[in-house]
Amino acid sequence: MSKIFQVHRRKVIGAGVLIGAYALVQNGTLPNPFYTPGVQNIEQRYSSGGAAPNKTPGAATKRGHPDSVTANTTTNKGIGTPRHEEKFGEQKPDPSTFDKTWNQAHYHEDKGK
């Protein structure tokens, strides 16, 4: 072992320094040298365009707001949700007698699909 250290002393010391610096950066003791103000600006513009700072989500996000990185599909707002029934449910007219008969014959319900 001592022979290896004597021959490759600089490499061993350099590897130890790199591993120690990496551990300090990961723990938050040292700032990341690659996270410059330019990188922060790019991340902010990228996320305000509808993406997250480190990835593009598979669903749309709110544009123009860099802090909005969760997709709109995570909060259900469509047909069949309580929010939709509360806001838009009363706008649907009640079906007439003909419509009820038609719906019962085709969909086995008076209200339709």
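The values are calculated or read from the model by the stated rules, or taken from the named source; none is laboratory data. Since we're looking at a predicted model, the values are computed, not measured. For neighbour counting, all protein chains shown are included, and Cβ atoms are generated from backbone atoms with ideal geometry for every residue, glycine included. Heads up: the accessible areas ignore ligands, DNA and RNA and are worked out on the full protein's heavy atoms, side chains in. Shrake-Rupley method; radii C 1.70, N 1.55, O 1.52, S 1.80 Å.
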field: Extreme residue, modelled with the lowest pLDDT, among residues of the range 50-62 that are out of contact with any helix residue (DSSP H, G or I) (no Cβ under 8 Å at 6 or more places or on another chain) and open to solvent by 40 Å² or more (accessible area, probe 1.4 Å)
entry: GLY58
task: Please find, within the range 90-103, the residue that is modelled with the lowest pLDDT out of those that are within 21 Å of GLY80 (Cβ to Cβ) and surrounded by 13 or more Cβ atoms within 10 Å (Cβ to Cβ).
output: PRO95
message: Suppose we filter the range 66-89 for residues that are of a type in the set (Ser, Thr, Tyr) and either at pLDDT 75 or above or assigned to a helix (DSSP H, G or I) (or both); how many remain?
response: 3
task: Show the residue pairs that are 6+ apart or on different chains and have beta-carbon atoms under 8 Å apart, the first residue being within the range 1-21 and free of Cβ contacts under 8 Å to residues at least 24 places away in the same chain, the second being not in a helix (DSSP H, G or I).
output: ALA21/LEU30
- request: Considering each residue of the range 14-36, count those that are open to solvent by 90 Å² or more (accessible area, probe 1.4 Å) and either modelled with pLDDT of 85 or more or outside any loop (DSSP other than H, G, I, E, B) (or both), and give that number.
  value: 6
query: Among (1) open to solvent by 100 Å² or more (accessible area, probe 1.4 Å); (2) at pLDDT below 75; (3) not in a loop (DSSP other than H, G, I, E, B), where does ARG45 come up short?
result: (2)
